[in-house]
Amino acid sequence: MTETSTVRGTADIGVTGLAVMGANLARNFARHGYTVALHNRSRAKTDALVAEHGHEGSFVATETLEELVGSLASPRRVLIMVKAGAPVDAVIDQLVPLLDEGDIVIDAGNSHYEDTRRREAALAEKGLHFVGVGVSGGEEGALNGPAIMPGGPEESYAALGPLLEDIAASYDGEPCCAWIGTDGAGHYVKMVHNGIEYADMEVIGEAFDLLRRVAGIEPAEQAQVFDAWNQTELASYLIEITAEVLQQVDAATGAPLVDVIVDEAGQKGTGRWTAISGLDVGSPVAAIAESVFARSLSAQTEVRATAREVLAAGVESAPAVSPQDRDAFVEDVRQALFASKLVAYAQGLDMLSAAAIEYGWALDLGTIASLWRDGCIIRADLLDVIMKAFGGRDTSRHPEPGTRAEGQPLNLLFAPEFAQAMAEALPAWRRVVGAAVAAGVPVPVFSSALAYYDGLRADRLPAALIQGQRDFFGAHTYRRTDRDGSFHTLWSGDRTEVDGDGAPVVMPQPAEGDPTDETAR
Ligand code: 6PG
């Protein structure tokens, strides 16, 4: 039933900001039986929504935020879906004076988690709940079931969670929605989801580039390859839509659409935020960062145009794979893609652990992985396996805030099934990166992910030499493998070693007459 006149105090939730994401979330709530109060800065969008979709459920069209707030049952739940940044603050500033203690303000946009932390603290002082909610799944997900990652005060989840769980996607009967953690935790997890999304899209792009430039496989045929890959452990939404995009023919030219699209990738910022935060919390999210850089490089149109003229390729011309070796190469690329994708997940989850410590959040990686199994852009069969590797889904399990959960792998790759999968993929992965380098095809994420893997498992890293260099030019000191404490070599003096306090290091003296004592001779 549609009510176009204001009804005070009965609506279950209010939505302000009725561009497509807000409108679709509002419709999703209404389709689940909730009465939804609608508001938009310009009334026309509200009216259009009611006119086109009013039959889908119970809507209350309102003209002003006062009216919106007045139409809501207590505790009031107001969902804001406007452009991240200043517009969110502007709406909050208007809303706050209209609300009562215990009311809940929900920001469902892709806001930066630091903004969410700030807003949550400010509203908490006024007795209001502020909940930053990550929503993934694009327009279609918002309407039919997104993955939802709510943060904010845990007590607000009692009043808000059931509504969100109702409209979320579900996997095996479990909603792809659970309380993530306090203040900005929900938006942080959504941001990391997007970082992984960037890496996932980039590795698919690198596979496409390799299959074409090294093996000469054209887009239409690649669509079949990706379709086939979607029947393997790579099965995922992004692989599925890749096949769709690759088989699309441009009506105007008859060329594959992918060849007509300008090769400059856009970005709205969440991938960049992930890379920045990875650096801030000391988590080496190199594959994710490389996927952001790859988009940035693609967008350097002028620089690229000059580079094409002045920089040599230094390679024999591709394709380098003979027709009889093609199937083997395709399989190698598939395995390299899988291994690189796993590394992106490992890095994303690692930064979540680091962020939990930094921000005092109680993040449960098993439950977080469970939310990504459906509804969101990175949804993939693999996520069920990842969830199990981190102890499965248990929404009541919250590690001690600011710590890593007990009994879970320190890194996703250490889970036995993934360590095994990486071992199996390694030979192909190395061959593919080698072939790409030889052919001059850029594979920043394939190669960075492999470097991360090799870096993790190295016996010794050249970090020891870096420590020596740092000590040389900055007396930054180093630790030794054989003794506790910190040490410094007097590089510009007699090059003896002193301890962290500058006292000469007393070397253990060999016993008198010891035949191994070289100095006695
Ligand atoms: C999602 C998407 C969604 C959106 C982002 C990323 O999870 O539904 O991540 O949030 O596509 O805006 O977009 P960019 O690629 O433009 O950064």
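What is the extension gain from V262 to A90, computed as 0.36 nm multiplied by their sequence separation minus the C-alpha to C-alpha distance, in nm to one decimal?
This chain segment gains 58.3 nm when fully extended.
If each residue of separation counts as 0.36 nm, what is the full-extension length gain between E302 and Q467 once their alpha-carbon separation is subtracted?
So the extension gain works out to 55.5 nm.
To the nearest Å, what is the center-to-center distance of region 329-397 and region 235-280, using C-alpha atoms only?
Between the Cα centres of region 329-397 and region 235-280 lies a distance of 21 Å.
For K388, which lysines qualify as cross-link partners when the Cα separation must be under 19 Å and same-chain residues fewer than eight apart are set aside?
K341
Could you calculate the FRET efficiency of T10 with A158 from 1/(1 + (r/R0)^6), where r is the beta carbon distance between them and R0 is 22 Å, rounded to 0.05?
0.65
Jot down the radius of gyration and Dmax of the chain, Cα atoms only, both in angstrom.
27.5, 104
Placing unit charges on C-beta atoms (Lys and Arg positive, Asp and Glu negative, everything else neutral), compute the dipole magnitude of region 208-316 about its Cα centre in debye, rounded to 20.
380 debye
Measure nothing fancy, just the Cα-based angle from helix 113-125's long axis to the longest principal axis of the chain, in degrees from 0 to 90, nearest 10.
It works out to around 50 degrees.
What's the Kirkwood radius of region 382-487 in Å, using all Cα pairs?
17.7 Å
Could you do me a favour and compute the accessible area per residue for region 20-167, 1.4 Å probe, result in Å²?
So region 20-167 comes to 37 Å² accessible per residue, rounded to a whole number.
Determine the calculated [θ] at 222 nm for the chain from helices alone, applying -39500 (n - 2.57) to every DSSP H run no shorter than 4 residues and normalising by the residue count; nearest 500 deg cm²/dmol.
-15500 deg cm²/dmol
Once the Cα gyration tensor of region 431-514 is diagonalised, what are the square roots of 5 times its eigenvalues, in whole Å and ordered largest first, as equivalent ellipsoid semi-axes?
41, 16, 11
Report in % the part of the accessible area of region 369-448 that belongs to carbon and sulfur, leaving out ligands and nucleic acids; probe 1.4 Å.
57 percent
Please work out the Cα convex hull volume for region 226-355 and give it in Å³ per residue.
Cα-based convex hull of region 226-355, divided per residue, equals 176 Å³.
How much length would be gained if the chain were fully extended between S486 and Q231, taking 0.36 nm per residue of separation minus their Cα-Cα distance, in nm to one decimal?
Net length gain for the segment: 86.4 nm.
What value does region 140-193 have for Rg/Rh, both radii from Cα atoms and Rh as Kirkwood defines it?
Reported Rg/Rh (Cα atoms, Kirkwood Rh): 0.96.
For region 36-165, give me the percentage of DSSP beta bridges that are antiparallel, rounded to the nearest 5 percent.
Of the beta bridges lying entirely in region 36-165, close to 25 percent run antiparallel.
Looking only at the chain, where both bridge partners belong to it, what percent of the DSSP beta bridges are antiparallel (to the nearest 5)?
The answer is about 40 percent antiparallel.
At a Förster radius of 25 Å, what calculated FRET efficiency corresponds to the Cβ-Cβ distance of R404 and D459, to the nearest 0.05?
0.50
Under the √(5λ) rule applied to the eigenvalues of the Cα gyration tensor, what semi-axes describe the equivalent ellipsoid of region 90-204? Give them in Å, descending.
25, 17, 12
The values are calculated or read from the model by the stated rules, or taken from the named source; none is laboratory data. Quick caveat, the model's predicted, so the values are computed rather than measured. Cβ sites come from the backbone with ideal geometry, for glycine too, and all protein chains shown count toward neighbours. Areas reflect the complete protein model, heavy atoms only, side chains present, ligands, DNA and RNA absent. Shrake-Rupley method; radii C 1.70, N 1.55, O 1.52, S 1.80 Å.
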